[in-house]
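To start, the structure under review is shown below, and the notes come after it.
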Amino acid sequence: KGKRAFIAGVADDNGYGWAIAKSLAAAGAEILVGTWVPALNIFETSLRRGKFDESRVLPDGSLMEITKVYPLDAVFDNLDAVPEDIKTNKRYAGSSNWTVQEVAESVKQDFGSIDILVHSLANGPEVSKPLLETSRNGYLAALSASSYSYVSLLKHFLPLMKPGGSSISLTYIASERIIPGYGGGMSSAKAALESDTRVLAFEAGRKNKIRVNTISAGPLRSRAAKAIGFIDTMIEYSMANAPLQKELSADEVGNTAAFLASPLASAITGAVIYVDNGLNAMGVGI
Ligand code: NAD
């Protein structure tokens, strides 16, 4: 019997979330996605009009089916937390039930349970500013969207997750090494996400037999990464300096997620798994 996955952070066919969805679908999972409210319309329209059909092709030639797309804003835990200006914002007022708690309730109503939870989202409004120039609000916004969003998602989806289930997030090595340009508190947010992966692995493991891991991915030309502004430099740097001198494909991260979600990884939890052509192991660029 196939597993069911909820993947938060899919809004086009360029990012890691999409690739993870495909790898899980290829392994037989049913796919549900959570799409950021402001990006929902264009994503659903593109999907309906067949704009993603080429990238929906799975290794067996069939097309990935997304059973349901849920609007989501992972910065808000429940309706009480949503400020008036967002409630009345045109893009948000057109959708409903997009807070984390409401999405989890909707998935429960629609499907009862899930086996796999994926967090593939991040946002740092001041990412292009050095940490020394980052405002308190910018820093806290990065942590809210990129780190606490995961705590909140797991907290609300845990009751829907079957024992033996698996939860995965995406992180970046700027958490532990200096990557100038990954600013605005985003490096701090990834450090929090990695530390939380360990603590959540303990809590969700003891309580619900759920595994919690994070994939430290190499550079990919996603929409989010292009917004940061130095992605081409990072890809070139990796090609020049990593043990494996090839461009990283999103599928390689997707396949690792499928492995981590499978019983093949039944003893792996609390781990940061590098999928970066080995770049993390280098001490100097050469
Ligand atoms: P992406 O643009 O495909 O994904 C980011 C998604 O987050 C987008 O779909 C966006 O709509 C969504 N999002 C932003 N704020 C949100 C919110 N408040 N609620 C719900 N959704 C929200 O880009 P990506 O690079 O594939 O990013 C996915 C994950 O991979 C992120 O955690 C990112 O930090 C991580 N990552 C990316 C790279 C890279 O080079 N691209 C490297 C390492 C890790």
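The values are calculated or read from the model by the stated rules, or taken from the named source; none is laboratory data. Please read all numbers here as calculations on a predicted model, not as lab measurements. Quick reminder, even Gly has a Cβ in these numbers, built from the backbone with ideal geometry, and neighbours come from all protein chains shown. To get the accessible areas, we keep the full protein, side chains included, count just its heavy atoms, and leave off ligands, DNA and RNA. Shrake-Rupley method; radii C 1.70, N 1.55, O 1.52, S 1.80 Å.
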*So which DSSP H runs in the chain come out at 20 Å plus along the axis (Cα) with average Kyte-Doolittle of at least -1.0?*
186-208
*Mean separation of Cα pairs under 8 Å and 6+ residues apart, divided by the residue count of segment 1-115: what relative contact order is that in percent?*
27
*Could you sort out which of 51/90; 162/246; 87/162; 108/226 sit more than 31 Å apart by Cα distance in this structure?*
162/246; 87/162; 108/226
_Taking amide H atoms as placed 1.01 Å from N in the peptide plane, list the residues 5 or more away in sequence, or in a different chain, whose amide H sits under 5 Å from that of residue 161._
114
*Where only protein heavy atoms count, and the probe is 1.4 Å, what is the accessible area per residue for the chain in Å²?*
48
*Order the peptides 13-24, 233-244 from the highest to the lowest mean number of other Cβ atoms within 10 Å of their residues.*
13-24, 233-244
*Can you give the helix-only mean residue ellipticity at 222 nm for the chain, where every DSSP H stretch with n ≥ 4 adds -39500 (n - 2.57) and the sum goes over all residues, rounded to the nearest 500 deg cm²/dmol?*
-11500 deg cm²/dmol
*For the chain, calculate the relative contact order in percent as a whole number, restricting contacts to Cα pairs under 8 Å that are 6 or more residues apart.*
19
_For segment 140-216, what does the relative contact order come out to in percent, with C-alpha contacts under 8 Å and a separation of six or more?_
43
*Around residue 47: net Lys/Arg minus Asp/Glu count, Cβ-Cβ under 15 Å*: 0
*Using a Förster distance of 22 angstrom, determine the FRET efficiency expected from the C-beta separation of residue 67 and residue 259, and round it to 0.05.*
0.50
